[in-house]
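Trainee: Could you have a look at this structure, given as structure tokens, before my questions?
The values are calculated or read from the model by the stated rules, or taken from the named source; none is laboratory data. Everything quoted here is computed from the prediction, not taken from an experiment. Note that we place each Cβ from the backbone using ideal geometry, even for glycine, and neighbour counts take in every protein chain shown. With ligands, DNA and RNA removed, areas are computed over all heavy atoms of the protein, side chains included. Shrake-Rupley method; radii C 1.70, N 1.55, O 1.52, S 1.80 Å.
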Amino acid sequence: MSARWELRALGEVSQAVNSTLDINEVLNTIVTKAVQLSDTDAGAIYEYDETKGEFGLRSTYGMDDDLIAAIKERHVHIGDAGIGHAAAQRAPLQIADVQKEPASEVLDVVVRAGFRALLFVPLLGAERIVGALVVRRRRPGEFSKQTIDLVQTFAAQSVLAIQNARLFQEIGDKSRQLEVASQHKSQFLANMSHELRTPLNAILGYTELILDDIYGETPAKMRGVLERVQRNGKHLLGLINDVLDLSKIEAGQLTLALADYSLKDVVHSVFVAVESLADEKKLALRIEVPNNLPTGRGDERRLTQVLLNLVGNAIKFTDQGEVAIKASATNGAYTLSVCDTGPGIAPGDQAKIFEEFQQADSSATKKKGGTGLGLSIARRIIELHGGKIWVESEIGKGATFSINLPVKVEQQHAERERA
């Protein structure tokens with residue numbers, strides 16, 4: 001199977017993940033493409049129910065109704081043959097010929113259905129078993145490393161899809177319990193998933209596939225760049241997961257991890273993360289940072305999050321010209337600015353954009369998309385540092401977002417009252 005066809009299939013999976021929050025549709029697409037790309041005959045995705053301690057069949061491809069019914073009647077636990085063993089070992093497990101394996105209820109069902117070779121890949125979360133992805137083949141024989149790596153890539157996407165579904169359910173349940181569910185929150189969840197998590201998950205999946213040498217040996221120079229993409233992607237995913245904790249945001253419980261940091265390094269890391277986005281739009285991306293900036297003390301990860309949001313917005317809304325990041329330090333305070341040559345922000349919108357779920361009311365903003373939450377979070381983070389953030393802009397003349405905060409933050413500041 002050609003690499004081009006594989007990339008097309010992966011793109012279709014990514015499109016399915018991006019276009020719907022229906023977990024069943026997403027998992028059906030994943031298992032279908034996993035079977036087709038691995039040159040097998042059937043497959044299934046199982047979800048692990050921690051309450052029951054069992055694996056439940058969730059999605060299938062290439063399996064008839066009798067086989068599906070027979071499998072659903074069996075109760076598979078961690079440690080059982082096949083799926084259970086793979087989950088216990090937290091590693092892929094293959095059976096080259098089922099007929100040569102000791103008899104078991106689950107494997108006997110598969111043998112009667114005419115399958116000979118099986119590959120079990122556990123779906124692993126950070127601290128728990130999420131489920132399993134299984135592909136089955138009618139001819140016996142071992143699976144190649146390339147096939148195993150491919151199926152692991154789809155397994156990773158399955159984990160993300162299931163965890164996203166659980167996360168949405170947990171947030172929905174908590175919202176109902178607190179009676180604060182609202183149209184804004186529902187829209188935020190949908191936007192956050194579509195605009196941030198799922199495209200980033202797709203990028204991480206493709207990067208991992210290339211780093212695993214699925215399409216041939218990756219040159220050392222290219223590998224270094226891809227590893228940098230992967231590191232930045234995982235960093236962004238961590239930030240997004242933090243943002244999705246709505247209860248923490250709404251309760252004002254954001255806390256800072258104070259430590260020494262280099263503002264120059266923060267600016268450089270953001271530059272590296274967004275450079276490709278600017279290149280795609282043929283925008284100039286400039287940095288003006290002196291070499292003698294003093295060492296700061298604050299939450300480096302949170303400040304990186306703020307700057308990444310500002311620069312990302314500037315690139316998103318600027319169609320020609322440049323985006324510039326400037327930093328300086330005077331009288332014990334940093335001044336950080338992000339300037340663009342975009343359409344500008346109307347005076348009436350300049351205060352509103354820092355409120356939760358609000359965006360500038362323009363056709364350009366609506367067309368570009370977004371959650372309407374990033375600047376609100378940015379303001380909270382800066383205020384917790386004892387600083388302030390503001391914007392200066394005129395329609396048609398671009399915008400400059402500026403931050404002023406102490407170089408040394410020794411303790412977290414209380415959030416300011418908001419009208």
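Trainee: Kindly report, to the nearest 10 Å², the accessible surface of Tyr48 as traced by a 1.4 Å probe over protein heavy atoms only.
Mentor: Approximately 30 Å² of Tyr48 is accessible to the 1.4 Å probe.
Trainee: Ranked highest first by average number of other Cβ atoms within 10 Å, how do 387-397, 282-292, 297-307 line up?
Mentor: 297-307, 387-397, 282-292
Trainee: If each residue of separation counts as 0.36 nm, what is the full-extension length gain between Met222 and Lys174 once their alpha-carbon separation is subtracted?
Mentor: 12.8 nm
Trainee: Please identify the trypsin sites (Lys or Arg not before Pro) of the stretch 50-128 that satisfy two criteria: DSSP loop assignment and at most 13 other Cβ atoms within 10 Å. Which are they?
Mentor: Lys52, Arg90, Arg128
Trainee: Right, another one. For the stretch 56-145, what is the relative contact order in percent, using Cα pairs closer than 8 Å and at least 6 residues apart in sequence?
Mentor: Relative contact order of the stretch 56-145: 26 percent.
Trainee: For a quick protection proxy, order the peptides 321-331, 337-347 by their average other-Cβ count within 10 Å, most packed first.
Mentor: The packing order, highest mean first, is 337-347, 321-331.
Trainee: Now for a different question. At q = 0.24, 0.26, 0.29, 0.31 Å⁻¹, what is the log10 ratio I(q)/I(0) for the stretch 123-177, with the Debye formula run over Cα points and no solvent?
Mentor: Computed log10 I(q)/I(0) values: -0.96, -1.03, -1.11, -1.17.
Trainee: Output the Kirkwood hydrodynamic radius of the stretch 300-359, Cα pairs only, in Å rounded to one decimal.
Mentor: One decimal place: 13.1 Å for the Kirkwood radius.
Trainee: Compute the Rg to Rh ratio over the stretch 85-148 from the alpha carbon atoms, using the Kirkwood formula for Rh, and round to two decimal places.
Mentor: Reported Rg/Rh (Cα atoms, Kirkwood Rh): 0.99.
Trainee: If the limit is 29 Å between Cα atoms, which of Lys33/Lys234; Lys221/Lys264; Lys72/Lys174 go over it?
Mentor: Long pairs (Cα-Cα over 29 Å): Lys72/Lys174.
Trainee: What aspartates and glutamates does Lys145 reach when the alpha-carbon gap must be under 19 Å and sequence neighbours fewer than 8 apart in one chain are set aside?
Mentor: Counting by Cα, and skipping residues close in sequence, Lys145 has these aspartates and glutamates nearby: Glu6, Asp39, Asp41, Asp97, Glu208, Asp212, Asp213, Glu217.
Trainee: Label-point separation (nm) for Arg8 and Gln411, each offset 7 Å from Cα along Cα-to-Cβ?
Mentor: Taking the two extended label points, one gets 6.4 nm.
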